[in-house]
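The values are calculated or read from the model by the stated rules, or taken from the named source; none is laboratory data. Keep in mind that what you see is a predicted model, and the values were worked out from it rather than measured. So basically every Cβ, Gly included, is an ideal-geometry build from the backbone, and we count neighbours across all protein chains shown.
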Amino acid sequence: MRIIWQGLKVTFGLFLVAGLVFASSVFAVLLYAKATGKETALFAAGSTVPIAKPPAPVQTAEVSTPQPTIQTKTSAMIDAPVFAQLPELPAGCEITSLTMLLHFYGITKTKMELVAEMPLDNTPVKLNADGSPAYWGNPNTGFVGDVTRKQRGFGIYHAGLFPLLKSYIPEAIDITGEPFELFEQQVASGIPVLIWTTIDFNIPYKWVTWDTPIGPIQTTYAEHAVLLVGYDENNVYLNDPYSGKKQLQINKAQFIDSWSAMGKQGLTYMKK
């Protein structure tokens, strides 16, 4: 009898433990359902305890800051005066192009009046054995050599010529190194650009190097300057002091290559 009673106590204890475990499980499920708002689904027919998933990321609309765009006309043309550098100034393409720009602005100085005011670098030339310059002036300082070519003459670059332009036009700007689109925008606004290229509007096939008081320079004897007065999708239009032609049409891609080779130089002015 004692043995039977001991067996009943053990069996009852096992049932009690199992009941407590089951009750705890149900209570835990109910708590989970309450916390997650799934109590209705939990008691639906055939339902199972849902598996929690991480919340979906909040979708936010990307806000982009509007970028300013500069609208450039597809073509433009300016009616600017043209002057020839010849016969007086065989090496005077830059000062003659400056004369055109000043006349367009309203300053009626002649090329010969302006050439007398042009900055000069009078450094005497020293030659190599082959006759090429070993040491000479720097065109960024002033005109190098003789503009009349009665003696050896070369030219002047944007930095050397800019002070003279600025002395006549306070709004003058040096846009050397800027993208060609800016040069076009300038023309589209109605203002020409004094721009550097080569005499045949092609990339130079021969370069020369000499030392100067401010360091060596690499350049070409084909250096040339013109007045940019127009453009369209395929061409640019130039007032060329060498030929004396007005609105001379040159292939744009070809011209940009020559302009880039010559350092993307350009002088112009802003509207008042």
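Laid out as a table, the results:
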item	result
Given (1) closer than 27 Å to LYS126 by Cα; (2) surrounded by 19 or more Cβ atoms within 10 Å (Cβ to Cβ), number of the condition LEU194 does not satisfy	(1)
Hey, ALA84 within 28 Å of the chain's Cα centre (by Cα), in the same structural domain as PRO163 (by TED's automatic domain parsing) and either modelled with pLDDT of 95 or more or of a type in the set (Gly, Ala, Ser) (or both) or not	no
Criterion (more than 20 Å from the chain's Cα centre (by Cα), modelled with pLDDT of 95 or more and crowded, with 18+ Cβ neighbours inside 10 Å) met by exactly one of ASP200, ASP240, ASP211	ASP240
Lone qualifier among PRO139, PRO124, PRO133, PRO119 - being in the same structural domain as LEU161 (by TED's automatic domain parsing) and exposed (fewer than 13 other Cβ atoms within 10 Å of the Cβ)	PRO124
Pairs, first of a type in the set (Gly, Ala, Ser) in the stretch 204-216, second at pLDDT 95 or above and surrounded by 12 or more Cβ atoms within 10 Å (Cβ to Cβ), C-beta under 8 Å, six or more apart	GLY215/ASN138
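Conditions (1) charged (D, E, K, R); (2) in contact with an Asp or Glu (Cβ under 8 Å, 6 or more places away or on another chain); (3) closer than 18 Å to VAL144 by Cβ, marked per residue:
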site	(1), (2), (3)
VAL187	no, no, no
ASP200	yes, no, no
THR219	no, no, yes
VAL226	no, yes, no
LYS252	yes, yes, no
